[in-house]
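Visitor: For reference, the structure I am asking about is given below.
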Amino acid sequence: MTFAEGPFGTEARIGEFDGRIHPDFDTPEFREALAGLGALCTGPSARVLLDRRNRVAAVDFPVSAVSRIEAVVKEFRASGFKKSKTLVVPGKAVRAWRGAAACLRRGIPTPLPLAYLERRTKGIVAESAFLAVRIEDAREIRDLFRTLPADGLSRLLETLAAFLRDCHDRGILHRDLSDGNILVRTGASGDFELFLIDTNRIRVRRSVPAYLRLRNLVRLGVPPASRDEFLRLYLGRGEGPGFRTARGWYRLNKACYSGFVSFKKKLRLRRLAGRLGIQ
């Protein structure tokens with residue numbers, strides 16, 4: 001298995017769908033299972049994990065006549081302008097595949113990509129999906145932010161800071177670095193293992209400047225009382241002019257982001273109230 005630069009995976013044409021398959025899993029049994037892409041997330045072996053803007057399900061797949069693997073299937077949904085954009089830009093499934101490959105080339109943990117498929121109509125993506133190996137016993141980092149005791153939270157923040165600094169040092173910039181897009185698995189010794197998901201939002205840069213690094217952290221729901229500690233761990237420095245400048249920039253961006261989120265929520269509530277005729 002290699003993730004050398006360039007297109008990764010075996011080209012696949014399955015029915016009306018085009019895509020790529022991880023070479024280690026490109027078997028007749030796996031291809032046959034992929035042929036029913038439209039029903040993957042609703043089949044008897046599927047367990048729906050999320051069904052909102054996109055649909056995500058855990059699905060049991062055959063790899064050979066004697067082996068199977070549990071995968072997470074993400075079906076992307078788009079409409080209107082976002083759908084029309086795929087005339088000129090890659091679809092989300094392609095971007096998820098490329099983002100996962102970029103992470104693994106650079107040693108950044110992410111669930112192993114298995115395949116992506118997309119069907120186009122008149123050049124526009126009509127259906128698409130990305131598949132990756134399901135990480136057993138992993139959960140979103142938001143759960144740990146809420147439940148860990150103080151000593152456990154400090155260890156998690158130390159691991160998270162090192163993980164994200166490594167991502168940025170290696171040119172990996174996740175444009176939706178939220179609590180739902182970092183998975184955590186706890187080992188028997190209590191160590192934390194982190195994984196990036198939602199890889200269609202990943203962009204690769206030769207370098208990530210300091211101002212962009214700090215701005216990239218603001219979506220994370222680090223508890224307010226622990227934010228200075230987290231910044232110190234990420235920056236690798238203690239109190240001083242450099243830290244105070246970085247903290248000020250981080251706080252400014254955090255306030256702007258929090259205000260934007262609050263505005264969006266109020267706007268949704270107003271729209272809902274208008275539809276219901278209560279305002």
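The values are calculated or read from the model by the stated rules, or taken from the named source; none is laboratory data. Every value quoted in this text rests on a predicted model; they were computed, and no experiment measured them. FYI the Cβ positions are ideal-geometry reconstructions off the backbone, even for glycines, and counts take in every protein chain you see.
Visitor: Kindly indicate the residue of segment 231-242 that is assigned to a helix (DSSP H, G or I) and over 29 Å from the mean Cα position of the chain (by Cα) and also surrounded by the most Cβ atoms within 10 Å (Cβ to Cβ) among those meeting that condition.
Guide: Here the answer is Gly242.
Visitor: Separate question: Considering Ala255, Ala188, which residue is aliphatic (A, V, I, L, M), under 27 Å from Val72 (Cα atoms) and either surrounded by fewer than 12 Cβ atoms within 10 Å (Cβ to Cβ) or outside the structural domain of Gly152 (by TED's automatic domain parsing) (or both)?
Guide: Ala188
Visitor: Please count how many residues of segment 226-245 are over 23 Å from Asn181 (Cβ atoms) and at pLDDT 90 or above.
Guide: Number satisfying all stated conditions: 5.
Visitor: Identify, from the list Asp166, Asp198, the residue that is of a type outside the set (Lys, Arg), at pLDDT 95 or above and on the phi > 0 side of the Ramachandran plot.
Guide: Only one candidate qualifies: Asp198.
Visitor: Of the residues that sit in segment 121-138 and are among the aliphatic types (A, V, I, L, M) and assigned to a strand (DSSP E or B), which one is surrounded by the most Cβ atoms within 10 Å (Cβ to Cβ)?
Guide: Among those residues, the one meeting the criterion is Leu131.
Visitor: Any residue at all in segment 205-213 that's surrounded by 15 or more Cβ atoms within 10 Å (Cβ to Cβ) and either over 26 Å from Arg98 (Cα atoms) or in contact with a Gly (Cβ under 6 Å, 6 or more places away or on another chain) (or both)?
Guide: no
Visitor: Does segment 208-215 include one or more residues that are within 15 Å of the chain's Cα centre (by Cα), closer than 27 Å to Lys92 by Cα and outside any helix (DSSP H, G or I)?
Guide: no
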